[in-house]
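Structure first, commentary second.
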Amino acid sequence: TQLLEQSPQFLSIQEGENLTVYCNSSSVFSSLQWYRQEPGEGPVLLVTVVTGGEVKKLKRLTFQFGDARKDSSLHITAAQPGDTGLYLCAGDQSNTGKLIFGQGTTLQVKP
Amino acid sequence: GAVVSQHPSWVICKSGTSVKIECRSLDFQATTMFWYRQFPKQSLMLMATSNEGSKATYEQGVEKDKFLINHASLTLSTLTVTSAHPEDSSFYICSARTPTASNEKLFFGSGTQLSVL
């Protein structure tokens, strides 16, 4: 059983389109993080959300934490080929740094 | 920002041999480090929590005798894959947590690609 369900797992879109990635769980998290990972490298932190209902923006990326702190979304506006990569959500249930990762979303943005 | 160094970046070994992977926090002391494994096109799966000066805590299904973890100092944790077999081939990643209350102070190494022939 996957504790953190991430969807979609694969997404191929044209440059300029918008997209949303979702992470859902029946469990509450003290915080949730979004990462981007390139092949052969470790994940790089994009954002951490800790407060229910919190919205954070990072240029064309908008991150939202659900009111109940059980789910989160990543929205990318006007996707560019440089956004291509693996996006991972990860939740920390007990504020220990021990992360549970979602399955990941492989995004391909075609020029 | 804080840096976590992982070494080696990649390693090829023969079946039956043991391989040691190092994870170092370069500019901070990490009382806790985490080891993850990632198979191709899959997400990261937590293997164990490495605690400085005490035994590691392994996740369910991870063989502690096969994946030996040693956290002998506040800046170094090692993962030794003993008697490696082809099915152990994977991307191994560590993370280290700075001694603050904030979850934002968590840093990942660059990973080690292990290929067992």
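Here, each number is a calculation from the coordinates, and none is a lab measurement. These figures come from a predicted structure and were not determined experimentally. Note that we place each Cβ from the backbone using ideal geometry, even for glycine, and neighbour counts take in every protein chain shown.
Key figures
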| read-out | value |
| --- | --- |
| Cβ-derived FRET efficiency at R0 25 Å, B:Met45 paired with B:Leu117, nearest 0.05 | 0.60 |
| R0 of 45 Å, Cβ-Cβ distance B:Ser18-A:Leu58: FRET efficiency to nearest 0.05 | 0.60 |
| Point-charge dipole on Cβ atoms (K/R +1, D/E -1) for the stretch B:8-117, about Cα centre, debye to 20 | 60 debye |
| Spatially proximal aspartates and glutamates relative to B:Lys55 (Cα-Cα < 16 Å; intrachain offsets below 8 disregarded) | B:Glu63, B:Asp65 |
| Filter on A:Lys59/A:Lys98; B:Lys64/B:Lys105; B:Lys66/B:Lys105; A:Lys98/B:Lys66; A:Lys59/A:Lys110 - keep pairs with C-alpha separation over 24 Å | A:Lys59/A:Lys98; B:Lys64/B:Lys105; B:Lys66/B:Lys105 |
| Cα-based convex hull volume of the stretch A:1-99 per residue, rounded to whole Å³ | 101 Å³ |
| Cα-based reach from B:Lys41 at 14 Å (exclusive), listing aspartates and glutamates while leaving out same-chain residues under 8 positions away | A:Glu38, A:Glu41 |
| Across chain B: Cys residues that no other cysteine approaches within a C-beta distance under 4.7 Å | B:Cys13 |
| Per-residue Cβ neighbour rank within 10 angstrom, fewest leading, B:Cys13, A:Cys89 | B:Cys13, A:Cys89 |
| Likely footprinting exposure, A:Val55, A:Val21, B:Val11, fewest C-beta neighbours within 10 Å first | A:Val55, B:Val11, A:Val21 |
| Likely footprinting exposure, B:Ser5, A:Ser12, fewest C-beta neighbours within 10 Å first | A:Ser12, B:Ser5 |
| Part-to-part distance (alpha-carbon centres) for the stretch B:59-110 and the stretch A:2-67, which is given in Å | 24 Å |
| Residues with amide H under 5 Å from that of B:Met47, placed H, sequence gap 5 or more | B:Trp35, B:Tyr36, B:Arg37 |
| Relative pair counts by distance (%), Cα atoms of the protein assembly as shown, 10 Å bins | 8, 32, 35, 20, 5, 0 |
| All aspartates and glutamates inside 17 Å of A:Lys56 as judged from Cα atoms, apart from same-chain residues fewer than 8 positions distant | A:Asp67, A:Asp71, B:Glu104 |
